[in-house]
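Below: one structure, written as structure tokens.
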Amino acid sequence: MSIIKLHDNYFKPYISKEKVEQSVKLLANQIANDFKDEVPIFIGILNGSFILAADIVRNYPYNCEVSFVKLNSYEGTKFSGQVNELIGINEDLSNRTVIILEDIIDTGSTLQKIYDIFRTKNVKTLKIASLFLKPDVFKKELPIDYLGMSIPDEFIVGYGMDYNNLGRNLNSIYKITTQTMTNIVLFGPPGAGKGTQADSLKEKYNLVHISTGDIFRYNIKNKTELGILAKSYMDDGNLVPDEVTINMLEAEVDKNTDAKGFIFDGFPRTTSQAKALDTFLSKKGETIDGMIALEVPEDLLVARLLERGKTSGRPDDQDETKIRNRFNEYNTKTAILKDYYTNQNKYFGADGVGSIEEITNRLSNIIDTI
Ligand code: AMP
């Protein structure tokens, strides 16, 4: 189960199908216990409660009846103001036990109107059963006789409930989600200055910086299984296999549950990594906001990397053949990601030549607009 989109909004899984079924069974049994000696009539409030009503009666162990109503509100004469009319009641309800079935009660205003109308129908007993209640916003004095579960004031869909008519057919409950993170892919060939810029940007925007190269180097230094595996690829300037890198990246994101967003540096480097990242983030209701690319001419990069190699201790910075191989990997496997993000209107190029501060300013100007 993952995030779904209904109209213009995203919804994430909230209450499982099993939990809903369990709650409905419990409701049916509680009601049955109280009314086993008579034949109650369940009245579902349309449209939301059609699935609940169907499941309640299917789980009801004794005889029962079911019917549905809908509240129609219309403007009456200028003296009567708004008029509420209950449509769908054909049965004679006098002396009957009536159980109103609601999918969800939030402020309770609609239910109050319906309840007041039923009270004029000479019923013997009038009860209210609801699958969900939002106690934080419920304003009425109505007795909720049977309740499945209380939930916080969140907009939910599924199991009969809709968002502008969509979502009623979902078997489980989803709640609305708004994306809150800022996720940036910092892009560019080896030596473009991604790591340096990420250091400034992470402070400025309070983001978590994930550099897959740094994680690999950390693992190599500590001789972990992952490090031993990655070393042979890295030393020659080849890419580490996607599967290994993707799993590592996902684990790293999952470690940072409170992050306000991420700067991905050195990831994604292949189309399958980019796709995996999209799928992974969308399960969390998140997305990449933009790829920001540092554009630097290749000759300048080779000089920069050889210079860095004098102090970085990185074998892949010290040998021009290895450096050239890294560019080759970049040009054949990574550079096409520019198209991948351009197609999503998420590619932003920045001149990567200049002082560190100048470049940080260029990048910040882009981040501030996305
Ligand atoms: P970097 O520090 O980003 O220049 O990465 C150094 C090396 O780590 C690369 O040449 C690869 O061997 C490996 N590496 C880092 N990120 C990835 C990635 N996303 N996919 C595959 N290999 C990677």
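The values are calculated or read from the model by the stated rules, or taken from the named source; none is laboratory data. A quick note: this is a predicted structure, and the numbers were derived from the prediction, not measured. Please note: Cβ atoms are built from the backbone with ideal geometry, for glycine as well, and neighbour counts cover all protein chains shown.
Only one residue in Gly158, Gly188 is crowded, with 16+ Cβ neighbours inside 10 Å and not assigned by TED's automatic domain parsing to the domain that holds Glu295, so which one is that? Step by step, each of Gly158, Gly188 is checked, and only Gly158 is crowded, with 16+ Cβ neighbours inside 10 Å and not assigned by TED's automatic domain parsing to the domain that holds Glu295. In the set (1) under 21 Å from Ala350 (Cα atoms); (2) within 12 Å of the ligand (Cβ to nearest atom); (3) part of a loop (DSSP other than H, G, I, E, B), the condition left unmet by Ile288 is number (2).
Filtered by the rule that a residue be under 38 Å from the mean Cα position of the chain (by Cα) and either in contact (Cβ under 8 Å) with a residue 40 or more places away in the chain or within 22 Å of Asn122 (Cα to Cα) (or both), the range 88-108 gives Ile99, Ile100, Leu101, Glu102, Asp103, Ile104, Asp106. All but one of (1) more than 11 Å from the ligand (Cβ to nearest atom); (2) in a helix (DSSP H, G or I); (3) within 23 Å of Gly352 (Cβ to Cβ) hold for Ala274, so report the exception by its number. Ala274 satisfies every listed condition except (1).
Remark: Asn325 matches the filter, which requires a residue to be of a type in the set (S, T, N, Q), within 14 Å of the ligand (Cβ to nearest atom) and at pLDDT 90 or above.
Under the condition of being within 13 Å of the ligand (Cβ to nearest atom) and either assigned to a helix (DSSP H, G or I) or in contact with a strand residue (DSSP E or B) (Cβ under 8 Å, 6 or more places away or on another chain) (or both), the residues counted in the range 297-317 number 9.
Among the conditions (1) more than 10 Å from the ligand (Cβ to nearest atom); (2) in a helix (DSSP H, G or I); (3) in contact with a Gly (Cβ under 8 Å, 6 or more places away or on another chain), the only one that Leu294 does not satisfy is (2). Within the range 193-250, being aromatic (Phe, Trp, Tyr) and either touching a residue at least 12 places away in the same chain (Cβ under 8 Å) or within 7 Å of the ligand (Cβ to nearest atom) (or both) holds for Tyr205, Phe216, Tyr233. In this structure, is Asn365 assigned by TED's automatic domain parsing to the domain that holds Asp199, assigned to a helix (DSSP H, G or I) and among the polar types (S, T, N, Q)? Against the criterion (assigned by TED's automatic domain parsing to the domain that holds Asp199, assigned to a helix (DSSP H, G or I) and among the polar types (S, T, N, Q)), Asn365 qualifies.
Of the residues Lys275, Lys260, Lys284, Lys223, the single one that is out of contact with any Phe, Trp or Tyr (no Cβ under 7 Å at 6 or more places or on another chain) and loosely packed, with under 13 Cβ neighbours inside 10 Å is Lys223.
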